[in-house]
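Please treat every number below as a calculation from the coordinates, not as lab data. Computed from a predicted structure; not experimentally measured. Backbone-built Cβ (ideal geometry, glycine too); neighbour counts: all protein chains shown.
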Amino acid sequence: MITIETGMALAAGLGTRMRPLTLTRPKALVEVCGKPLLDHVLDRFALAGVSNAVVNIHHFTDLMRDHLAARTGPPALQISDESDQVLETGGGLVKARPLLGDAPIFVSNIDALWSEGATCELDRLRAAWRGDDMDALLLLARREDTSGYGGAGDFFLDDDGRVRRRGYADSAPFVFAGTQILNPQVIEGYPEEAFSLNRIWDELLAKGRVHGLVMNAFWMHVGDPDARDAAEARLT
């Protein structure tokens, strides 16, 4: 199993769907079970042995800086400041590229929650990583084992572990669970502008370099106040 020392928490979103909870704070600091969403991610990184975490910020930057400064324990934190312009998931990674190193990293959305089972899901991801075959390894949830998600699924999973987009199919069995291992070197050459990580994935998918791992846990997407309440009820 490889060691992954760096993780990036994508925390710069405006959280408009989470209003009114985000009228006075960023989505990353909305609490579930008394803990901000961002801390759920950072604590998960620490559990998986991550020693350095990069957090991008845009909305309520003073609150975010104060919160991060008050954290104790691992991982050590670095800020990628997007105060001037929110860069979305792809552009945010491009801006943070100098902080990410060249070894594989965890990348996680802050609105993805689950209860760990006997084996940490990030440890399962690390165990499944094969750098010779993949540049992205996505954590996937079975569509029926989710809350806060109302879509038709994102991916099919082939027998060799590669993923395919749903495309024109009516539905797909698996949902991207907001967490992945990514080879940061694939970010190079992209512009520092607002764009989705899907743009990078599409190029990697065409090369067969995106794989998936189905999680054992029940996955919760915390995208709005009702979903937050549902996640809190389940975790409680």
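Structure summary
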{"read-out": "Cα gyration tensor shape for the range 113-236, rounded if a/c is under 1.5, else prolate or oblate", "value": "prolate"}
{"read-out": "Qualifying lysines (Cα of each under 30 Å from Cα of K207; at least 8 residues distant if same chain)", "value": "K95"}
{"read-out": "Among L235, G178, P191 the positive-end extreme of the charge dipole of the range 6-235 (Cβ point charges)", "value": "L235"}
{"read-out": "The range 1-37 residues near the modelled S51 label - backbone nitrogen below 17 Å, point 7 Å along Cα→Cβ", "value": "2-8"}
{"read-out": "Translational diffusion coefficient (Stokes-Einstein; Kirkwood radius from C-alpha pairs) of the range 165-236 at 25 °C, 0.890 mPa s, in µm²/s", "value": "161 µm²/s"}
{"read-out": "Using a Förster distance of 41 Å, the FRET efficiency for D229-Q185 (Cβ separation, nearest 0.05)", "value": "0.55"}
{"read-out": "Cα centre as origin, Lys/Arg/Asp/Glu Cβ charges: the range 6-235 dipole, Debye", "value": "180 debye"}
{"read-out": "Those chymotrypsin sites (Phe, Trp or Tyr not before Pro) in the range 165-217 that DSSP places in a loop and that have at most 13 other beta carbons within 10 Å", "value": "Y168"}
{"read-out": "Which of I79, L10, L21, positive extreme of dipole for the chain (C-beta unit charges)", "value": "L21"}
{"read-out": "Burial ordering of C120, C33, fewest other beta-carbon atoms within 10 Å first", "value": "C33, C120"}
{"read-out": "Gap separating the Cα centres of the range 1-53 and the range 108-182, nearest whole Å", "value": "18 Å"}
{"read-out": "Estimated inter-spin distance, L63 and A206, nm [label 7 Å along Cα→Cβ]", "value": "4.1 nm"}
{"read-out": "Relative packing of peptides 218-224, 82-88 - highest average C-beta neighbours within 10 Å first", "value": "218-224, 82-88"}
{"read-out": "Spin-label pair T72/S196, simplified geometry with 7 Å Cα→Cβ offset, distance in nm", "value": "4.2 nm"}
{"read-out": "Sparse-neighbourhood loop sites, trypsin sites (Lys or Arg not before Pro) in the range 105-173 - DSSP loop, at most 14 other Cβ within 10 angstrom", "value": "R130"}
{"read-out": "Overall form of the range 6-235 per C-alpha gyration tensor (a/c, 1.5; a/b vs b/c)", "value": "rounded"}
{"read-out": "Gyration tensor verdict on the range 11-127 (Cα atoms; rounded if a/c is under 1.5, prolate if a/b is larger than b/c, oblate otherwise)", "value": "oblate"}
{"read-out": "Length-normalised contact order of the chain in % [C-alpha pairs under 8 Å, at least 6 apart]", "value": "26 percent"}
